[in-house]
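Contents: one structure, followed by commentary.
Every number here is computed from the coordinates shown, using simple stated rules; none is lab data. Note that the structure is a prediction, hence the values are computed from the model and not measured. Glycine gets a Cβ as well: all are built from the backbone with ideal geometry, and neighbour counts include every protein chain shown.
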Amino acid sequence: MKVCRKIDEIRQHLQADKTSGRTIGFVPTMGYLHEGHLSLVRESLNLTDRTVVSIFVNPTQFGPREDYHQYPRNLERDINILQKLGVDYLFAPSVEEMYPPGYQTYVEVTELQNKLCGRSRPGHFRGVCTIVLKLFNIIQPDWAFFGQKDAQQAIIIQKMVTDLHLTTRIKVLPIVRDKDGLALSSRNTYLNPQERQAALVLYKSLQLAQQLFAAGERNATVIKQAMIDLIQQEPLAKIDYVAIVEMENLEELKEIKEPALVALAVFINRVRLIDNIILSLKEKKS
Ligand code: AMP
């Protein structure tokens with residue numbers, strides 16, 4: 001695996017691959033890799049000729065009071081993992097490489113960015129879209145892989161790709177969970193054992209929503225209230241939002257019709273966690 005720290009370097013390598021007609025798959029991450037990330041990497045390895053993974057903790061998607069400085073980092077460990085999987089290129093640029101002094105260009109998906117997580121994290125999706133477009137321009141992938149874990153992010157990126165006529169195709173893969181249901185996240189490392197236990201309430205509330213839906217409930221307010229009641233029984237949990245929305249435009253639904261996205265953000269003490277499910281009459285989905 002080639003580890004590239006510079007834009008010119010990764011471009012040069014990929015140029016040769018593209019000239020020989022190889023397809024490029026791309027998995028953007030912030031590192032501290034877990035099985036959720038690796039499911040995307042495996043899909044890229046299966047589907048494309050060359051796989052590029054990026055690791056970049058992107059400062060522009062963190063608010064001033066968020067965890068940019070504490071965010072877990074371990075490049076050496078990540079390199080080992082990716083090498084073993086057979087990844088072709090790791091792009092791990094510095095902040096200065098991506099945002100040199102005087103940097104001033106940003107991308108916004110003006111409506112979708114203000115819903116759900118956008119309300120409590122103003123500027124977050126502007127940072128996400130900006131870095132993803134920059135990375136797409138550098139790598140020019142045929143395919144890019146995102147996790148359903150960050151459902152709003154995946155929907156916004158797809159919208160950006162459509163609106164800006166990008167040629168990269170987006171594939172969204174299911175949420176990978178621990179055995180007890182907790183969605184894998186690099187931020188789970190912030191949780192102590194008691195908080196880790198309390199964090200199960202996110203998935204439990206989503207399962208409750210799915211059960212109510214399967215039993216015939218179609219009133220979104222009723223389902224949301226049942227979720228809220230359940231979460232409030234957990235003393236360490238504080239709700240940021242619980243929402244049932246249309247997949248495409250993230251508009252709140254009153255009467256549920258498939259496919260509806262149930263999404264939530266909950267603080268467990270000071271750690272903000274997100275999770276979601278797509279309501280379905282078929283088998284449980286993540
Ligand atoms: P991050 O490093 O948190 O920015 O995540 C990089 C990519 O991995 C994003 O597309 C995430 O949606 C995806 N991802 C993170 N956690 C999971 C998970 N538990 N299951 C599936 N994909 C995930």
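Tabulated results
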read-out: Normalised contact order of the range 2-173, rounded percent, pairs of Cα under 8 Å and 6 or more residues apart; value: 29
read-out: The range 120-214: trypsin sites (Lys or Arg not before Pro) falling in loop per DSSP and having at most 14 other Cβ within 10 Å; value: 179
read-out: Dipole axis of the range 157-237 (+1 Lys, Arg; -1 Asp, Glu on Cβ), positive-most option in 223, 161, 191; value: 161
read-out: GNM result for the chain, Cα springs below 10 Å: residue of 194, 211, 140 fluctuating most strongly; value: 194
read-out: 0 to 90° range, to nearest 10: angle between helix 7-19 axis and the chain longest Cα axis; value: 80
read-out: Cα-Cα pairs of the chain separated by more than 31 Å (percent); value: 28
read-out: Computed [θ] at 222 nm, helices only, for the chain once each DSSP H run of length n ≥ 4 contributes -39500 (n - 2.57); value: -11500 deg cm²/dmol
read-out: Restricting the range 46-109 to trypsin sites (Lys or Arg not before Pro) in coil, as DSSP defines it, with at most 15 other Cβ within 10 Å; value: 65, 73
read-out: FRET efficiency estimate (nearest 0.05) - Cβ-Cβ, residue 18 to residue 282, R0 45 angstrom; value: 0.70
read-out: Across 179/224; 159/254; 84/159; 134/224; 134/171; 84/238, pairs whose alpha-carbon gap is larger than 30 Å; value: 84/159; 134/224; 84/238
read-out: Convex hull per residue volume in Å³, alpha carbons only, for the range 102-213; value: 155
read-out: Among 128, 280, 13 - extreme Cα towards positive end, dipole of the chain, charges at beta-carbon; value: 13
